[in-house]
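Peer 1: Pasting in a structure now, in structure tokens, and then I'll have a few things to ask.
Please treat every number below as a calculation from the coordinates, not as lab data. Fair warning: this is a prediction, and the values are worked out from it, not measured in the lab. Cβ coordinates were reconstructed from backbone atoms using ideal geometry, including for glycine residues, and neighbour counts include every protein chain displayed.
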Amino acid sequence: MSVPLTAQAEATSLTQGSVGPSQVAGHAGVRYARSPMADLLARTGQLLLQMPASTWMLADALLLAAGLQVGYSLIGVSPTYGGVAHIANWQAYAVFVGAFLLASLVFGLYERETLWSRSRIVIRILLTTAVAVIVAYALIYVVMYSNASRRAVGCAIACYLVVGTAIRLGAWWMIHKVRRPLLVVGSKALFDSFVAAQQRGFLSEYRLAGYTSDRAEEIRAGLARRCLGANSAIDRIRAENHVTDMVVTAEAARKPEVMNWIVPCLQAGCRVTNEATFYEKATGQILVDELTPHWFLFADLTAGGEERVSIKRTIDLLVSLAGLCLTLPLWPIIAVLIKIGDGGPIFYSQDRVGLKDRVFRLYKFRTMRTDAENGASVWSSPNDPRVTPVGRFLRKTRLDELPQLFNILMGQMSLVGPRPERPDIVRELGKEIPFYNERHLVKPGLTGWAQISYKYGSSIEDAKRKLQFDLYYLKNACFELDMVILFRTVGTFLHGGC
């Protein structure tokens, strides 16, 4: 089985900082002693993570009711507003608390996975708040034909957004403050690849405790190779090293006795995953080297669903129209700057491959010299000398992409999706990279998961890495992920403009 993260990991040894500062020898390997504060944080984080949804719902209900009460007490409400009577306080509590709890359930705010990600916490709270307020006011105005104090409601919403978000981000901080000890079951190569991944900035929330093996020479080497013992001693190793997470290699998982050894770890609350699932969740990528055609049969791809495509197309139309209206005043300024720069054409168009391998014409503001390619496709690079001074600014702020709003309006592109490439480059990459053309199962996007997660691509290896992000999007596409991508894109735009 090939090493998932990088082949360079085979020569990489684990550094002291990767494992943790405090170590004492144990029977099977290394025991790690945590400080009382670290242990308290870890236990609190795990307690919050295991807290049932009903407890979170009760906390949110009390928070919203308290916010409404503070609003009514501080602001005061007249009996009528515009000739329409205000609803009673208890009715306001019932309607708004009910709407918020319902929206929270719809958007998965109480799912355990929410607390693992800051962006997921913020996005789900914002979505919950927006939908809950719309539903609540619709019930009050349309069904109850009444009114509610907007200032009191605003106070409750502010309280919920500030305090509710702070509580969840505090829980996230405690969960991630102490790196969770991770044990690899059955493979030194996989463990070494995780070490290399940490050195590249991934898996920062984990402390790599070591690995187990069935190979006698690795067990004899022990600490020298970070082997903590045999697979059959998993439960003892877990207890001695405070392991909270395990990754089981595919080779080890095929052995029937492994399940008997892992069940006690599951009963002790240890989180156990296989290497492909762990890699996907930890890095937001799909392992291209491990893919087979069967993956597309069983991955339950969500990006091409009819209902999702219809909703996404509606959003694309509304946002592209709004974007054109808001940015059109900038177009004459950009055009003048490009003309002053070198006197060449303002716009640049190029054939790109889109949905189902259909070729379309993509439009951009020109950022390169007019003789940049001379008919041949050439890879771009971050500091490409062919880029003009004006073009460098346009690329940094992403303003060169504005004409693609017309491509979105015409249905050739979407706001979010894989980045479209030129036909000749697609043919080249399709020969070199397995399943590269499957990224065309969805519309290409103005921005995407690969664009915000990986550097500027300038080689076949870069294209392969970006494909891993594109396949992750293909499998996990949803409205929430699109929102995360758009928010992070806006952040890139604002950062580039500063």
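Peer 1: Given axes a ≥ b ≥ c from the Cα gyration tensor, I'd like to know whether segment 306-497 is rounded (a/c under 1.5), prolate (a/b larger than b/c) or oblate.
Peer 2: Oblate, because a/c is 1.5 or more while a/b does not exceed b/c.
Peer 1: If R₀ is 35 angstrom, what is the calculated FRET efficiency for the pair Asp342 and Val490, using the beta carbon separation as r and rounding to 0.05?
Peer 2: Here the calculated transfer efficiency is 0.70.
Peer 1: Let me ask something additional. If r is the Cβ-Cβ distance from Ala158 to Ile460 and R0 is 35 Å, what FRET efficiency results, to the nearest 0.05?
Peer 2: 0.10
Peer 1: Local charge sum around Val106 (other residues, Cβ-Cβ under 13 Å, Lys/Arg +1, Asp/Glu -1)?
Peer 2: So the environment of Val106 carries a net charge of -1.
Peer 1: Ok, one more. Between Ala239 and Asn437, what is the FRET efficiency for a Förster distance of 60 Å, r being their Cβ-Cβ separation, to the nearest 0.05?
Peer 2: So the FRET efficiency works out to roughly 0.80.
Peer 1: Please give the length that would be gained between Thr273 and Val359 if that part of the chain were fully extended, namely 0.36 nm times their separation in residues minus their C-alpha to C-alpha distance (nm, one decimal).
Peer 2: Extra length from Thr273 to Val359 when fully extended: 26.9 nm.
Peer 1: Treating only the Cβ of Lys, Arg, Asp and Glu as charged (+1, +1, -1, -1), what charge dipole size does segment 44-176 show about its Cα centre? Round to the nearest 20 debye.
Peer 2: The dipole of segment 44-176 has a size of about 200 debye.
Peer 1: Further question on the same structure: Just subtract the alpha-carbon distance of Trp331 and Val143 from 0.36 nm times their residue separation and send over the number in nm, one decimal.
Peer 2: Taking 0.36 nm per residue and subtracting the Cα distance, the gain is 63.1 nm.
Peer 1: Any idea which of Tyr160, Ser119, Ser73 is furthest toward the positive side of the dipole for segment 44-176, if Lys and Arg beta-carbons carry +1 and Asp and Glu beta-carbons -1?
Peer 2: Most positive-ward Cα: Ser119.
Peer 1: Given labels modelled 7 Å from the Cα in the Cβ direction, how far is it in nm from Gln91 to Ile315?
Peer 2: 3.5
Peer 1: Here is a follow-up. Can you flag which of Lys177/Lys475; Lys364/Lys431; Lys431/Lys464 are past 18 Å Cα-Cα?
Peer 2: Result: Lys177/Lys475; Lys364/Lys431 exceed 18 Å.
Peer 1: Let me ask something else. Highest first, please rank the peptides 323-330, 412-419 by the mean number of other Cβ atoms sitting within 10 Å of their residues.
Peer 2: 412-419, 323-330
Peer 1: Arrange the peptides 386-398, 184-196 so that the one whose residues have, on average, the most other Cβ atoms within 10 Å appears first.
Peer 2: So the order, starting with the most tightly packed, is 184-196, 386-398.
Peer 1: Moving on. At a 10 angstrom cut-off on C-beta neighbours, averaged per residue, how do the peptides 90-96, 254-260 rank from highest to lowest?
Peer 2: Ranked from most to least packed, the peptides come out as 90-96, 254-260.
Peer 1: Let me ask another. Find how much the distance from Lys255 to Leu47 grows on full extension, using 0.36 nm per residue of separation minus their present alpha carbon separation; answer in nm with one decimal.
Peer 2: 71.5 nm
Peer 1: Let me ask something else about it. Non-local amide H neighbours of Met368 (under 5 Å, H modeled in plane, Pro and chain starts lacking H): which ones?
Peer 2: Thr388
Peer 1: Net charge near Gly170, counting Lys/Arg +1 and Asp/Glu -1 over other residues with Cβ under 13 Å of its Cβ?
Peer 2: Here the count lands on +3.
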